[in-house]
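These notes concern the structure reproduced below.
Computed from the coordinates by the stated procedures, all read-outs in this text should not be read as laboratory data. Model, not experiment: these values are computed from the prediction. As a convention, Cβ positions derive from the backbone with ideal geometry for all residues, glycine included, and neighbour counts pool all protein chains shown.
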Amino acid sequence: MNFFKRKKFLGILTAMTILTTTGILSSTPAIAADMSNGAANFYKSDKVTVIKVRFKNQYNMKIVGNLFFPKGMDQRNKSPAIIVGHPMGAVKEQSSNLYAQKLAEQGFVALAIDNSFWGESDGKPRNAVLPDIYSEAFSAAVDFLGTRVFVDRERIGVLGICGSGSFVISAAKIDPRMKAIATVSMYEMGAANRNALNHSQTLEQRKQIIAEAGQQRYVEFTGGAIKYTGGTDHKIDANTHPIQREFYDFYRTPRGEFTPAGSSPEHTTHPTLSSNTKFMNFYPFNDIETISPRPMLFITGSEAHSKEFSEEAYRLAGQPKELVIVPGAGHVDLYDRVNLIPFDKLSAFFKANLK
């Protein structure tokens, strides 16, 4: 997920949305990837086995995922399982595979999925925004895991990274089969699009975005080209905003850059302009307290520009709940910097609550 520029800079606006011009910033050489703090997005564990899986959601759309489980696991026994969702605009190969492997090393069955319209999962046009279908992917993953002979369907948890944090909350409110819910570096995609970070977007600016999306629908309905918005800049310069630089270092360098087969590097991370306003009708924190007494864990960095969303979710959620703030960590740091990510905390949370 990332930030974008408009004709005028409208304050710090939200990732993967809000702004409409696709301007690529002027030419400077690509910066080297910052691999500090053990950055390991493409981690390959020698302690787990992985298989590609495919299953349908409730609307007959194919979901594709990577299923990880400990090597030597006795499949005659029923194990706890965790579904892992990737950042908004990303794919399972970016952050969620890493988390799934680390959890599988701790004895869990872990499933990293591509959400609908992204990666290898179904959905057209590609990169379209439809929050209910995004949330449905997690319930479909419960359907799949809960019908495996080696999974205990009463011990299935969910973990959402960045935008997926808001999708798993939305799903968990109406799917009690999700027994423990965790988020990392969460973006509340509805509030982020309606208000921007720190409520920096005005109502008039919001209406301007909605109006432009409406006009773009005419273009696409009559056969015109799809237009994309938000996402990560493809080039940076001395004037690039620090938040945009943070995302660039992950999505546009060898640290985390990945283009799924059949996709275009120019479109990776960018949702479609005409559909992105769907987020403005997305309110995942409404009734979040009804998830209780199922436990919730919110993890964010002390320096994360997105920290407000985890703090708000924690404030509104019912008990039991916990907020963990990682000292010195920014938003994207918790995508892949193994030395900062509190995997021990995540493992302990799921072990305690998926007994």
Worksheet item: Binning every alpha carbon pair distance of the stretch 137-207 at 10 Å from zero, what are the percents per bin?
Response: 20, 39, 23, 13, 5, 0
Fill in: the stretch 81-119 residues near the modelled Leu130 label - backbone nitrogen below 15 Å, point 7 Å along Cα→Cβ
115-119
Worksheet entry | Thr49 long-range amide H proximity, modeled H, under 5 Å | Phe69, Lys71
Item to complete: Determine which aspartates and glutamates satisfy two conditions relative to Lys207: a Cα distance under 18 Å, and not lying fewer than 8 residues away in the same chain.
Response: none
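Once the other residues with Cβ under 10 Å from the Cβ of Phe144 are scored (Lys, Arg +1; Asp, Glu -1), what is the net sum? Before the final figure, lay out the partial values.
On the way: positive: Arg54, Lys56, Arg148; negative: Asp143.
Value of the local net charge: +2.
Where a ≥ b ≥ c are the square roots of the eigenvalues of the C-alpha gyration tensor, would you call the stretch 265-346 rounded, which needs a/c under 1.5, or, failing that, prolate if a/b is larger than b/c, or oblate?
Numbers: a/c = 2.34, a/b = 1.13, b/c = 2.07.
Oblate, since a/c reaches 1.5 and b/c is not below a/b.
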Discussion item. Nearest 500 deg cm²/dmol is fine: what mean residue ellipticity at 222 nm does the chain get from its DSSP H runs of n ≥ 4 alone, each adding -39,500 (n - 2.57), divided by its residue count?
Written reply: -8500 deg cm²/dmol
Worksheet item: Can you give the extra length, in nm with one decimal, that the chain gains between Lys355 and Ser302 once fully stretched, where that is 0.36 nm per residue apart less the Cα-Cα distance?
Response: 16.0 nm
Response to the item:
The distance between the Cα centres of the stretch 99-120 and the stretch 316-350, in whole Å, is 17
Discussion item. For a quick check, take a GNM of the chain with Cα springs below 10 Å and name the residue from Asn127, Asn37, Asn193 with the largest mean-square fluctuation.
Written reply: Asn37
Discussion item. Full-extension gain between Lys56 and Asn198, please, as 0.36 nm times their residue separation minus the C-alpha to C-alpha distance.
Written reply: 47.3 nm
Worksheet entry | Along each principal axis, Cα extent of the stretch 208-301, largest first, Å | 48, 37, 32
Fill in: For the stretch 33-46, Karplus couplings with θ = phi - 60° (6.51, -1.76, 1.60), whole Hz, Gly/Pro x
5, 8, 9, 5, 6, x, 3, 8, 4, 9, 3, 10, 7, 8
Item to complete: Enumerate the calculated ³J(HN,Hα) couplings along the stretch 58-71 in order (Karplus 6.51 cos²θ - 1.76 cosθ + 1.60, θ = phi - 60°), each rounded to whole Hz, writing x wherever the residue is Gly or Pro.
Response: 5, 9, 6, 9, 6, 10, 10, x, 10, 9, 10, 8, x, 4
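Taking square-rooted eigenvalues a ≥ b ≥ c of the alpha carbon gyration tensor, is the stretch 52-183 rounded, prolate or oblate, where a/c under 1.5 means rounded and, failing that, a/b exceeding b/c means prolate? Walk me through the intermediate numbers first.
Working: a/c = 1.59, a/b = 1.49, b/c = 1.07.
Prolate is the answer for the stretch 52-183, as a/c is 1.5 or above and a/b outweighs b/c.
Thinking of the stretch 198-250 as a set of Cα atoms, what percent of all their pairs are more than 13 Å apart? Can you show the working numbers first?
Working: 976 of 1378 pairs.
Of all Cα-Cα distances in the stretch 198-250, 71 percent exceed 13 Å.
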Fill in: Packing-based ranking, highest mean first, of 72-82, 197-207, 109-119 given that Cβ atoms within 10 Å are counted
109-119, 72-82, 197-207
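With the cut-off at 20 Å, tell me which of the pairs Lys102/Lys321; Lys235/Lys278; Lys71/Lys102 have Cα atoms farther apart than that. Mind dumping the intermediate values first?
Values: Lys102/Lys321 23 Å; Lys235/Lys278 28 Å; Lys71/Lys102 13 Å.
Cα-Cα > 20 Å for Lys102/Lys321; Lys235/Lys278; rest within.
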Practice prompt. Please provide three numbers in whole Å: the alpha-carbon extents of the chain along the principal axes, with the largest listed first.
Written response: 58, 41, 40
